[in-house]
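Asks: The following block contains the structure, expressed as structure tokens.
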Amino acid sequence: MKKIFLFYIILFTLISFFVNAQRKCGLPDYIEYKINEEPELATRIEQNKIKLKEKAENILEERKSGKNERTSSITAIPVIFHIVIDTLKYNQLGGDAGIKQRCDSQIAVLNRDFNAQNADSIAIPFGWKSLFASSGIHFGLAHTDLNGNSTPGYEVRIISSIGFNGWTNHYSDAKHSTLGTGATSLSPGLDAWDVTKYLNVWCINFLDGMGLGGITLSKFFTVSGGWGWTNPDNEEGIVLKWNVFGKRVLSTDNYTPTGTGTFFDEGRTMTHECGHFFELSHVWGDDGTLCPWSSGGRDDGIDDTPPQSTHTSGNPSYTITSGTINDACQYYGTVDTQHYGIACLDFMDYTDDTGMHLFTPQQAAAMVSCVTTVAGVDGENITLVQHPNLLGWPSGVSKIEVDRELKIFPNPSNGLINIVYNTNADKLNKISIIDVLGNEIYENSNVFKNFNTIYLSNFTTEIYFIKCEFEKGIVVSRLILNNK
Ligand SMILES: [Zn+2]
């Protein structure tokens, strides 16, 4: 009897533990905190939503009439990861190799999610299929630093403390190596790289017990009228909890996540935070549990996400596949026939990484408006897409020659792939093949100088990415496998 009792106690504890693990992003609390400080901010946030929606509608109209080709011309945004953690966490991530894998997989996840290439989109129910949209925005690890030197796209600083406090100032200490008047006193952080050229991401441990996975400081809060602050401190960017950035890759990663990590180890915390970086709001409007038409209620400002009362936790995919999930706000006046329930499968809700699958067309267009020119007005993040050179090779290496001399064939391939590379422009160190989920399915670090052959006849017919890592830079090409 006692044993049975003990069993139930353990079971109950485990269930409570897992049920309690839910996504939390810092934006709602931050907005509330700032509105308390300055009530006028609430109006400016709503005005910003209207402006963003107008721009999104312009883009969608142009696309409908076949005029808008701008997304195809958008180049990737250079991303730099600043990892600021203690030795224990560095080791838990698998050291430098594990961190590199996390950075690589994070970029793969972003490119997949922002371009409607996520394989788990198969779980999107019928009523939502037409709302599965691609933004056309791409991301890449920065390969050139501020001084024109080669960089792997991440930097690591090992600190003696176990983490940072300060969600109300977006963990400012982690974003600086010096602080104070004249920046004289030392700070444990890593400085932002030029925020007009790089998307800065800090990966740190949060100490303040908020249970956050990430928090984002977008241009709205700095130069675009949030409160007129001109961001003198270069703090724009995304802060992620150290164990939810990138995908957890067991082969190199010693960290066995518990609690939040178990549900957020597919790299989608950054997909969600990037949505905020491009000014998207949460689908329920960050108003607690109110409907948009209630007193004090708010909407996300996006027309093709239905009204929603509050956030969704866990992974309700199985339910939306077989039916709908509705809430108190979904029906307003007439029955909403456009959707299958609330947008709990949207990247801007709080579901687990495995439960979120899409951005809607208007959300995608709203984000695109941040990196393009709409009606003669430049998007607030447009400078980020104007430095493709930062993704390529440092000066002195002929990227053109590398591109010209690197030959990958046949493509499509029936399982045999030849890679020919006949130049000394840069040394080829490693060849890897990555699937659409960001998993590395093949790796060779002992490549021959001129000719390499890879056999992939056991892999399924699908699109893959073949990645050639040179001494100074990386070339990623799409590879179509057509195994019979
Ligand atoms: Zn959020």
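The values are calculated or read from the model by the stated rules, or taken from the named source; none is laboratory data. In this text, all values refer to a predicted model and were calculated from it rather than measured experimentally. Cβ coordinates were reconstructed from backbone atoms using ideal geometry, including for glycine residues, and neighbour counts include every protein chain displayed.
Asks: Taking the stretch 168-224, which residues are in contact with an Asp or Glu (Cβ under 8 Å, 6 or more places away or on another chain), modelled with pLDDT of 85 or more, more than 16 Å from the ligand (Cβ to nearest atom) and aliphatic (A, V, I, L, M)?
Replies: Within the stretch 168-224, 190, 192, 195 meet the criteria.
Asks: Let me ask something else. Could you run through the stretch 261-282 and say how many residues are assigned to a loop (DSSP other than H, G, I, E, B) and either more than 10 Å from the ligand (Cβ to nearest atom) or under 8 Å from the mean Cα position of the chain (by Cα) (or both)? So that I can check it myself, show each step before the final result.
Replies: As a first pass, look at the stretch 261-282 and keep what is assigned to a loop (DSSP other than H, G, I, E, B): 264-265, 267, 278-282.
Checking the rest, the ones that are also either more than 10 Å from the ligand (Cβ to nearest atom) or under 8 Å from the mean Cα position of the chain (by Cα) (or both) come to 264-265, 267, 278-279.
Of the residues in the stretch 261-282, 5 are assigned to a loop (DSSP other than H, G, I, E, B) and either more than 10 Å from the ligand (Cβ to nearest atom) or under 8 Å from the mean Cα position of the chain (by Cα) (or both).
Asks: Could you check residue 293 against (1) part of a loop (DSSP other than H, G, I, E, B); (2) buried (at least 20 other Cβ atoms within 10 Å of the Cβ) and say which number it fails?
Replies: Failed condition: (2).
Asks: Has the stretch 95-116 got at least one residue that is crowded, with 16+ Cβ neighbours inside 10 Å, more than 29 Å from residue 157 (Cα to Cα) and of a type in the set (Gly, Ala, Ser)?
Replies: yes
Asks: Out of curiosity, is residue 105 polar (S, T, N, Q) and over 13 Å from the mean Cα position of the chain (by Cα)?
Replies: Numbers: polar (S, T, N, Q): yes; over 13 Å from the mean Cα position of the chain (by Cα): no.
Answer is no for this residue.
Asks: Could you give every pair whose Cβ atoms fall below 6 Å, whose first residue belongs to the stretch 263-292 and is closer than 20 Å to residue 342 by Cα and hydrophobic (A, V, I, L, M, F, W, C), and whose second residue is within 12 Å of the ligand (Cβ to nearest atom) and not in a helix (DSSP H, G or I), counting only separations of at least 6 or pairs across chains?
Replies: Within 6 Å, the pairs are 280/348; 283/300; 283/346; 283/348; 283/349; 284/311.
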